[in-house]
C-alpha cells in the first residue's frame with residue numbers, strides 16, 4: 001500500500017473533505033450535535049459498525 005505525503009493528504013482533504021483537517025499523522029473533524037442524545041446515538045452507530 002502506498003504511503004501518502006502530507007502534501008498529498010492536504011490536497012486531497014482540500015478537494016474532497018473540506019470539513020477535515022490534517023494533524024500529525026491523523027485527519028480530524030469536529031462534529032457538533034444539538035443534543036446529547038444525538039451525539040450518543042452517533043457514537044453508538046459508529047461503535048457498532050462492522
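The values are calculated or read from the model by the stated rules, or taken from the named source; none is laboratory data. Model, not experiment: these values are computed from the prediction. Cβ: placed from backbone, ideal geometry, glycine included. Neighbour counts: every protein chain shown.
Is it true that some residue in segment 3-14 is on the phi < 0 side of the Ramachandran plot, loosely packed, with under 12 Cβ neighbours inside 10 Å, free of Cβ contacts under 8 Å to residues at least 60 places away in the same chain and touching a helix residue (DSSP H, G or I) at 6+ places or on another chain (Cβ under 9 Å)?
yes
Sort out which residues of segment 32-50 are in a loop (DSSP other than H, G, I, E, B) and either surrounded by 10 or more Cβ atoms within 10 Å (Cβ to Cβ) or at pLDDT below 95 (or both), and write them in order of number.
Result: 33, 49, 50.
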